[in-house]
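Peer 1: Below you will find the structure I want to go over with you.
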Amino acid sequence: MSRRTRRAVPAQGAPRPTVSVCRGCCCGTPKIPDVDHAGQLAELRRSLGELATVRAVECLDACEQANVIVVQPSAEGRRAGGRPVWLGLVNDPHAVTDIVAWVGAGGPGLVDPPEILDLYTFRPSRRVQQELER
């Protein structure tokens with residue numbers, strides 16, 4: 001029998017998708033040259049406006065995938081089976097455009113992402129995933 005306690009899952013969840021943009025250790029820094037990091041975050045915020053919560057977060061501990069963006073489903077998307085989608089190497093403005101279109105249409109659980117985003121999708125370790133859930 002496990003002694004670990006499970007955290008209670010909130011009954012409702014976020015009413016809209018959440019887009020977490022890593023801006024810690026390697027993401028959003030000159031370590032990834034020729035990327036307008038501030039512009040990337042500003043574009044997500046401007047384009048998604050009231051459709052999603054866009055937040056800059058500290059290091060998501062997936063530095064080998066910099067720049068990292070995690071798209072978390074809305075409460076409705078979670079009820080439909082959506083789970084957070086981790087996107088790495090998001091260093092191209094076209095990728096941001098594809099993310100905006102997908103999240104604007106509903107995001108995880110409600111709308112399949114554009115196929116091109118499959119190139120950016122990765123699965124971090126369970127420990128790293130759990131950190132984001134806190």
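The values are calculated or read from the model by the stated rules, or taken from the named source; none is laboratory data. Worth saying up front: this structure is predicted, and the values here are computed from it rather than measured. Neighbour counts run over all protein chains shown; Cβ positions are idealised from the backbone, glycine included.
Peer 1: Which condition breaks for residue 37 when tested against (1) in contact with a helix residue (DSSP H, G or I) (Cβ under 6 Å, 6 or more places away or on another chain); (2) at pLDDT below 95; (3) not hydrophobic (A, V, I, L, M, F, W, C)?
Peer 2: Exception for residue 37: condition (1).
Peer 1: Right, next: Do we find that residue 62 is small (Gly, Ala, Ser) and within 14 Å of residue 128 (Cα to Cα) in this structure?
Peer 2: Taking the combined requirement at face value, the residue satisfies it.
For every residue, the table says whether it meets (1) buried (at least 16 other Cβ atoms within 10 Å of the Cβ); (2) out of contact with any Ser or Thr (no Cβ under 9 Å at 6 or more places or on another chain); (3) closer than 13 Å to residue 19 by Cα; (4) acidic (Asp, Glu).
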| site | (1), (2), (3), (4) |
| --- | --- |
| 77 | yes, yes, no, no |
| 86 | yes, no, yes, no |
| 92 | no, yes, no, yes |
| 96 | yes, no, yes, no |
| 124 | yes, yes, no, no |
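Peer 1: Here's a follow-up. Inside segment 101-116, can you point out the residues that are in contact (Cβ under 8 Å) with a residue 12 or more places away in the chain and either over 24 Å from residue 63 (Cβ atoms) or surrounded by 19 or more Cβ atoms within 10 Å (Cβ to Cβ) (or both)?
Peer 2: Correct list: 101, 102, 103, 104, 106, 107, 108, 109, 110, 113, 114.
Peer 1: Now, a different point. List every residue pair whose Cβ atoms sit under 6 Å apart, with the two residues 6 or more apart in sequence or on different chains, where the first one lies in segment 52-71 and is closer than 17 Å to residue 108 by Cβ and the second, anywhere, is of a type in the set (Gly, Ala, Ser).
Peer 2: Short answer, once both residue conditions are applied: 55/20; 68/62; 68/88; 70/20; 71/107.
Peer 1: Can you name every residue in segment 23-43 that is touching a strand residue (DSSP E or B) at 6+ places or on another chain (Cβ under 6 Å) and not in a loop (DSSP other than H, G, I, E, B)?
Peer 2: Within segment 23-43, 41 is the sole residue that qualifies.
Peer 1: Could you tell me whether any residue of segment 56-66 is at pLDDT below 95, among the charged types (D, E, K, R) and farther than 21 Å from residue 25 by Cα?
Peer 2: no
Peer 1: If you go through segment 20-34, how many residues are in contact with a helix residue (DSSP H, G or I) (Cβ under 6 Å, 6 or more places away or on another chain) and modelled with pLDDT of 85 or more?
Peer 2: Total meeting the criteria: 3.
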